[in-house]
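The values are calculated or read from the model by the stated rules, or taken from the named source; none is laboratory data. Predicted model, so just to flag it, every value in this text is computed and none were measured. Glycine gets a Cβ as well: all are built from the backbone with ideal geometry, and neighbour counts include every protein chain shown. What goes into the accessible areas is simple: the full protein's heavy atoms, side chains included, and nothing from ligands, DNA or RNA. Shrake-Rupley method; radii C 1.70, N 1.55, O 1.52, S 1.80 Å.
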Amino acid sequence: MGRWNTVAAYLEGTRHRKTGTECQDYGEVLTVSDEMILGALADGAGSVKYSSHGAELAVKTTLKMLAQVDWNLITSEEETRAVFLKVLDAVGGAFGSRAGRAGWMIKDMACTLLAFVATPDWLAAMQVGDGAMVVRTAGGEYELLFTPDKGEYINTTTFVTSANAGQVLQTKMIRRPP
């Protein structure tokens, strides 16, 4: 049996069940090896048409990009941020392609995005939007990695489709065993 035990789950909320709206969230965990695991979760914006498609595409694109990185070469917060900015750019490119093929507007695929890369020795993570991610390092307490992004108005946040997504992107590299 490997080092990692993983669980990924998401489901529609009570409002979705009452209105018959589909689940607009998507998440996956990818075990690269006994030494590395990747994960991503996107929460589709309930106010747009194709956010469930955007959430799935954001997660799949993110995991594909993160799996291609040689993480042994990433040693600083700045390099970590640069990797996650490239991921965000790739997600934007994937959205543009999908929207173009389907005749959609990119903004109609709006979603938030959380992602992480973990090894037995460190963790790198990113967030765009109002999600929450916690980590507990060996022997430590649980800690919130990022402050959830709250928009100017109630129930608003920044999405990966927002013009300022790269500016509000939060990243972190923790050089302790998660």
Residue pairs qualifying under the 6 Å Cβ cut-off, at least six apart or on distinct chains, with the first in segment 118-145 being modelled with pLDDT of 90 or more and the second being among the basic types (Lys, Arg) and not in a strand (DSSP E or B), are 122/175
Taking segment 99-157 and keeping residues of a type in the set (Phe, Trp, Tyr) and more than 15 Å from residue 80 (Cβ to Cβ) leaves 104, 142, 153
With the first residue restricted to segment 55-74 and required to be free of Cβ contacts under 8 Å to residues at least 12 places away in the same chain, and the second required to be open to solvent by 20 Å² or more (accessible area, probe 1.4 Å) and of a type in the set (D, E, K, R), Cβ contacts under 9 Å at 6 or more apart or on different chains are 73/79
Inset, instruction - With respect to residue 112, determine if the residue is touching a strand residue (DSSP E or B) at 6+ places or on another chain (Cβ under 7 Å) and farther than 19 Å from residue 149 by Cα. - result: no
Wholly inside segment 69-178, strands (runs of 3 or more DSSP E) that include 3 or more residues that are open to solvent by 20 Å² or more (accessible area, probe 1.4 Å) are 142-144, 170-174
- request: For residue 32, indicate whether it is more than 19 Å from residue 166 (Cα to Cα), part of a loop (DSSP other than H, G, I, E, B), modelled with pLDDT under 95 and of a type outside the set (Gly, Ala, Ser).
  value: no
Per the list (1) assigned to a helix (DSSP H, G or I); (2) open to solvent by 20 Å² or more (accessible area, probe 1.4 Å); (3) under 20 Å from residue 131 (Cβ atoms), residue check on residue 43 breaks on (1)
